[in-house]
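Visitor: Have a look at this one before I ask anything.
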Amino acid sequence: MTLQAVNKSIFVDGQLQLACVDDNQQVVGCIDLYNYDPINQRVEVGIVVEKSRRHQGQGTLILQELDRFCAEHFHIHQIYCDVLESNTVSCALFQKAGYTLCGTFSQWVLTQNGYQTVLRFQKIVKGNRQ
């Protein structure tokens, strides 16, 4: 699994889109890094796994590769994400990948089904300053 940058630079744009490709150069998923904070060495992440690749452990592999990529290229200390509480698949994915639930935002997002609670997960990237 490798991550390939799709846009310019996280240092210029404050965000970076990455295509996640397998050994056969087939796209497995996409990662968005945004809200990059170089002073506090953290970034927010969003992930999408190709429909045909879901429930096969691909999301976990992508997030593991992301740890290495962020530590190596951007000296990231912390990666975090916000997930709708009702999105139990994503909540399970981040927990399986070693993210810790660190916050709850009640009635945070207005959806077609009314206000939804958002859960914040974070992971301290190994190998960086503690």
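Read-outs throughout are calculated quantities, based only on the coordinates presented, and are distinct from any laboratory measurement. Just so we're clear, the structure is a prediction, and the values are computed from it rather than from any experiment. Here the Cβ is made from the backbone with ideal geometry for all residues, glycine too, and neighbour counts use every protein chain on show.
Visitor: Using the Cα centre as the reference, give the magnitude of the dipole from point charges on the C-beta atoms of the chain (Lys, Arg: +1; Asp, Glu: -1; all else neutral), rounded to the nearest 20 debye.
Guide: On the way: 11 positive and 12 negative charges, 49 e Å.
The calculated dipole for the chain is roughly 240 debye.
Visitor: Please compute the contact order of the chain in relative form: average sequence separation of alpha-carbon pairs under 8 Å and at least six residues apart, divided by the residue count, as a percent. Spell out each step's value before the answer.
Guide: Details: 240 pairs, mean separation 24.3, N = 130.
For the chain, the relative contact order is 19 percent.
Visitor: Please compute the length gained on full extension between Leu84 and Gln112, using 0.36 nm multiplied by the number of residues separating them and subtracting their Cα-Cα distance.
Guide: Values: separation 28, 0.36 × 28 = 10.08 nm, distance 1.32 nm.
Result for the pair: 8.8 nm of gain on full extension.
Visitor: In a shell of Cβ-Cβ distance under 13 Å around Leu93, excluding Leu93 itself, what net charge do Lys and Arg (+1) and Asp and Glu (-1) give? Each step should come with its number before you reach the end.
Guide: On the way: positive: Arg53, Arg54, Lys96, Lys123; negative: none.
Counting the neighbours of Leu93, the net charge comes to +4.
Visitor: Further question: Considering the chain as a Gaussian network with a 10 Å cut-off on Cα pairs, which listed residue, Asn35, Asn24, Asn87, attains the greatest mean-square fluctuation?
Guide: Highest fluctuation of the listed residues: Asn24.
Visitor: Between Glu72 and Gln95, what FRET efficiency follows from the Cβ-Cβ distance if R0 is 25 Å, with the result rounded to 0.05?
Guide: According to the calculation, E is roughly 0.55.
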